[in-house]
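Enquirer: The structure under discussion is supplied below as C-alpha cells; questions concerning it will follow.
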Amino acid sequence: MRNGLILSAVMLLAACTGNRVTEKGSAATSPEPAFNTVSKQVIVYTTAESTPFRLTATDTLTFTDFGQPPETQPSLFVDPTKRFQTFLGIGGAFTDAAAETWAKLPPDRQDELIKAYFDPAEGIGYSFGRTNMNSCDFSSDIYTYVDEGDKELETFSIAHDEKYKLPFIKKATEKAGGALTLFISPWSPPAWMKDNNNMMQGGRLLPEYYQTWADYYVKYIQALEQSGLPVWGLTVQNEPMAKQTWESCIYTAEEERDFIRDYLGPTLYGNGMEDKKLIAWDHNRDLIYHRASAILDDPAAARYVWGIGFHWYEVWTGGRQYENIKRVAEAYPGMNLLLTEACHYPFNWQTMDQWHWGEQYGENMILDFNNGAVAWTDWNLLLDETGGPNHVGNFCFAPVHARVSEGSLHYMNSYYYIGHFSKFIRPGAVRIISSSSRAQLRTTAFLNSDGTVAVVVMNPTSEEMGYRMYAWGKVAVTVSLPHSICTLVIKDI
C-alpha cells in the first residue's frame, strides 16, 4: 500500500452488450458477440504533483459486486454500451520554430524527442500533426513559396521547408509507424495578394487573387506529397478574425463561406483532392457557432466542409466556452469538431514547473471530448529556452523545451497530461459514457478498437479523494491523489 493506493492483482467477471459505431459516431446494433464471463483487470497510470509519478503505473484494481451507490461516496459510472464520436487522434504542430530547434539538438536528443512524442509504446503516441503553409509567427523569417507577383505560381517551390520542417515530419512519421495524420494551415497569403500589401497586421485577400490562392493550397499539398508526406487535410485560414502583429488575414463568415463554395472547394475537387479534409473556422470557441452556421447553412459550401476547427484562446470572454462545441454538435450532427491549436503564453522559464499548466490541458481535453471533439492538436511540439524562435517576439510555452546551448530537453507537466489521453486512447476509439458524481472529479472515457477501455480522471483540487468506478454492474475502488490525472485502462487479463 502506498498513499492509500491498494496494489493488488485483479479478476473481473463482466457482461456487456456491444454496439457497432457508425462512421459518424452514432450507435447501432452490433453483430459482435456480447461480453460473457470475461476476466479483466484495471491498470491505473498516474501523474501527480509532489510525487515522482509521471504516467506511472501505480495500481492494479479488482472489480467486485456492489449495490446501490451511496450519495456520501464519490462514484464514477462507465457505460461502454453508450457510444458517441469516433476518435481520430492527438498531436502537435510542426512549426518552423519546432523544426529549427530540433535540428540544433544533438542526435541522441533528437531521437529522444521523436520517441517521446510519436512512439506509441515508449512515448505518448502522437498520431496527428499540423504544419504552416507560408510563414507564421513561429518562423524565424517571413517567407512564401512564390516570387513577388507570380499569379500563375510558376515559381512555386517548397525549398524553404526542405531544410528543417520536412526532415522533422518524416522522422516523426517513421516513429509513428509510417503514418501520421497531417494537415496544413495558412497564416497569410503572400503580401501582394492582400489589400494591405502586408503578410502581417490582418488585411484581406483581394478578390482578383481568390483563384490564385485556392491554387496555392493545391500546389503545396502536391509538393508535400511528392516529397513523400501524405496530406490528410487543410484549414482555410488560421484565426480568420484576428488582426495580429504577425502573419494574419481576415475573413468574415460570409467571405470564408464564399471562398470555400466558389474557389477552394471546387479547386480541390477539380484536382482530384475530394479526400482532403477541409476544416473551416480554425479560431476560438467563442464565435464558433456563428461561423459554423454561416457556412453550413449554405448547402453549396457545406458539401466541401469536413469539419470545424477551434482554438482555446477565449479567456477574455470570462472563461472557456466549452458548451459552444456542444451547440455546434447539436445543430449539425455528423459535422466533425476538432481543436486545432492550444498553448500557454507569455513564456517564462521560471514558471515552467507550475502545476496549473498541465491541469488546464486536462480540463480542456476532457470537456472538448465530452462535447464532441474527434481530435486535439496542440501548438508547437518543441521550443527553445526563449519560448521561440519567433520573428515577432510572441514567445510561448510548449510541452517540451530545449536548452539549445546545453543540448538538453525539459518536459513540462503538460506533456504528461496530454499523454494520459494520447497514449491510451488510440485512433479508431469511440467515446463512451463516464459520469462523475462529484464536480471535483472530471472524467472522459473511450473504448479502443482492441477492446480496452481508457477512463481518464482528473482531480484539480488539493484533496485526496477515494471513489468507486462502476462498470458492467461491478465496482473497482481506488483513490485520486491531489492535483493528479489518472488513466484507468480496463483490459483482459
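The values are calculated or read from the model by the stated rules, or taken from the named source; none is laboratory data. All values reported here derive from a predicted model rather than from experimental measurement. Here the Cβ is made from the backbone with ideal geometry for all residues, glycine too, and neighbour counts use every protein chain on show.
Enquirer: Using beta carbons and a limit of 7 Å, which pairs, at least six apart or on different chains, have the first residue in the stretch 331-350 and assigned by TED's automatic domain parsing to the domain that holds Trp306 and the second one among the basic types (Lys, Arg)?
Expert: Gly334/Lys24; Thr340/Arg130
Enquirer: What single numbered condition from (1) out of contact with any Phe, Trp or Tyr (no Cβ under 7 Å at 6 or more places or on another chain); (2) assigned to a helix (DSSP H, G or I); (3) surrounded by 23 or more Cβ atoms within 10 Å (Cβ to Cβ); (4) of a type outside the set (Gly, Ala, Ser) fails to hold for Phe138?
Expert: (2)
Enquirer: Turning to a different aspect of this structure: Which residue pairs have Cβ atoms under 7 Å apart, sit 6 or more places apart or on different chains, and have a first residue in the stretch 355-369 that is assigned to a helix (DSSP H, G or I) and a second that is modelled with pLDDT under 95?
Expert: So the pair list comes out as Asn364/Arg320.
Enquirer: Something else: Regarding Phe77, is this residue on the phi < 0 side of the Ramachandran plot, of a type outside the set (Val, Ile, Thr) and at pLDDT 95 or above?
Expert: For Phe77, the condition - on the phi < 0 side of the Ramachandran plot, of a type outside the set (Val, Ile, Thr) and at pLDDT 95 or above - is met.
Enquirer: Moving on to the next point. Report, ordered by the first and then the second residue, all pairs with beta carbons closer than 7 Å, sequence separation of six or more or different chains, a first member in the stretch 167-190 that is in contact (Cβ under 8 Å) with a residue 12 or more places away in the chain, and a second member that is among the acidic types (Asp, Glu).
Expert: If the second residue must be among the acidic types (Asp, Glu), the pairs left are Lys175/Asp119; Ser185/Asp282; Trp187/Glu247; Ser188/Glu247.
Enquirer: Only one of (1) in contact with a Gly (Cβ under 9 Å, 6 or more places away or on another chain); (2) among the aliphatic types (A, V, I, L, M); (3) free of Cβ contacts under 8 Å to residues at least 12 places away in the same chain is not met by Ala159, so which one is it?
Expert: Of (1) in contact with a Gly (Cβ under 9 Å, 6 or more places away or on another chain); (2) among the aliphatic types (A, V, I, L, M); (3) free of Cβ contacts under 8 Å to residues at least 12 places away in the same chain, only one is false for Ala159: (1).
Enquirer: Looking at the stretch 59-76, which of its residues are outside any strand (DSSP E or B) and surrounded by 15 or more Cβ atoms within 10 Å (Cβ to Cβ)? Working first, answer last.
Expert: Start the filter on the stretch 59-76 by keeping residues that are outside any strand (DSSP E or B), which leaves 62, 65-74.
Correct list: Thr62, Phe66, Pro69, Pro74.
Enquirer: Let me ask something additional. One residue is enough: does the stretch 83-90 have a residue meeting the conditions at pLDDT below 95 and within 30 Å of Ala329 (Cα to Cα)?
Expert: no
Enquirer: Filter the stretch 445-472 down to the residues that are without any contact (Cβ under 8 Å) to a residue 40 or more places away in the chain and surrounded by 24 or more Cβ atoms within 10 Å (Cβ to Cβ) and list them by number.
Expert: Listed by number, the residues that qualify are Ala454, Asn459.
Enquirer: Just checking: which of the helices (runs of 4 or more DSSP H) contained wholly in the stretch 193-290 hold 3 or more residues that are under 19 Å from Val328 (Cβ atoms) and touching a residue at least 24 places away in the same chain (Cβ under 8 Å)? Can you show your working first?
Expert: On the way: elements: 210-226, 253-259, 265-270.
The qualifying helices (runs of 4 or more DSSP H) are 253-259.
Enquirer: Residues to consider are Glu162, Glu154; find the one that is surrounded by fewer than 17 Cβ atoms within 10 Å (Cβ to Cβ), assigned by TED's automatic domain parsing to the domain that holds Asp215 and assigned to a helix (DSSP H, G or I).
Expert: Sole residue among the options that is surrounded by fewer than 17 Cβ atoms within 10 Å (Cβ to Cβ), assigned by TED's automatic domain parsing to the domain that holds Asp215 and assigned to a helix (DSSP H, G or I): Glu162.
For every residue, the table says whether it meets (1) touching a Leu at 6+ places or on another chain (Cβ under 8 Å); (2) outside the structural domain of Glu314 (by TED's automatic domain parsing); (3) among the polar types (S, T, N, Q).
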site: Ala242; (1), (2), (3): no, no, no
site: Ser248; (1), (2), (3): no, no, yes
site: Leu268; (1), (2), (3): yes, no, no
site: Lys277; (1), (2), (3): yes, no, no
site: Asp298; (1), (2), (3): no, no, no
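Enquirer: Which of the residues belonging to the stretch 291-323 are part of a helix (DSSP H, G or I) and either farther than 17 Å from Leu264 by Cα or in contact with a strand residue (DSSP E or B) (Cβ under 9 Å, 6 or more places away or on another chain) (or both)?
Expert: Matches in the stretch 291-323: Arg291, Ala292, Ser293, Ile295, Leu296, Ala301, Val315, Trp316, Thr317, Tyr322, Glu323.
Enquirer: Say whether the condition of being in a loop (DSSP other than H, G, I, E, B), within 27 Å of His391 (Cβ to Cβ), in contact with a strand residue (DSSP E or B) (Cβ under 8 Å, 6 or more places away or on another chain) and of a type in the set (S, T, N, Q) is met by at least one residue in the stretch 177-190.
Expert: The answer is yes; a qualifying residue exists.
Enquirer: Of the residues that sit in the stretch 396-436 and are more than 18 Å from Thr47 (Cα to Cα) and among the polar types (S, T, N, Q), which one is modelled with the lowest pLDDT?
Expert: Filtering the stretch 396-436 for residues that are more than 18 Å from Thr47 (Cα to Cα) and among the polar types (S, T, N, Q), the one modelled with the lowest pLDDT comes out as Ser405.
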